Structures are given as structure tokens and as C-alpha cells.
Amino acid sequence: MATKKTSSKKTSAAKSAKAKVPTKSAVTTKKTTKKSAPRKTVPKRPTTAPLKKLTPEARYKMIQDAAYYLAEKQHFQADPVAIWVEAEAEVMRQRGN
């Protein structure tokens, strides 16, 4: 009788294991969507600190220095007014004004 009980235990264990396994009809399938290609990353522009507003004296000094270096480049032979105007334009371009 002991062997029958163990075999009946095995049978009932096997039955319970089969009962736990879901059938195909009970399992719901997940709909898969086609994954798109990863987005290309655009390199970020370097952030620059906002430029401080120039005082008239600081602006004049920057133009004066630029004019000196431009005149030196031309061996002090060019028209000083033309050099000053060019220096003003260069300083404004560098400052983004």
C-alpha cells in the first residue's frame, strides 16, 4: 500500500504541475511594434557666457589697442582714421554688436 500512496502522490503532483502550466490559448501574446532607428545626436553648441556691457572707456581702450596693432601691422604707413574705423568694426564684430 505504501507504494501506491507514493505513486498516487507522484500522479497528483504531476497533475498539479500540469494544471499550473498555461495553455497556448490562455497565454496572451504581446504585439510588438517595429522599433525605429535611434535618433542622431546633434552636438550641442558651446555655451558662452553673456558679454558684459562695455563702458564707453573700456570700449575706447579696446578700439585704441586694436587700432595700434592694425597700424603696426601696416608699419604705421596707413591713414589713421581708416585704421581707427577698421579697429571699431573689428571690436564690434568680436563683441557681437
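Per the Cauchy relation, a quarter of the hull surface: what is the mean projected area of the convex hull of the alpha carbons in segment 52-97, in nm²?
On the way: hull surface 12.2 nm².
Orientation-averaged projected area of the Cα hull: 3.1 nm².
Could you check the spin-label model distance between residue 92 and residue 76? Points 7 Å from the Cα along Cα→Cβ, value in nm.
Each label point lies 7 Å from its Cα, and together they span 2.8 nm.
Laboratory data are not the source of any read-out in this text; all were calculated from the coordinates shown. All of these numbers come straight from a predicted model, not from anything done at the bench. Every residue, glycine as well, gets a Cβ built from its backbone with ideal geometry; the counts of neighbours run over all protein chains shown.
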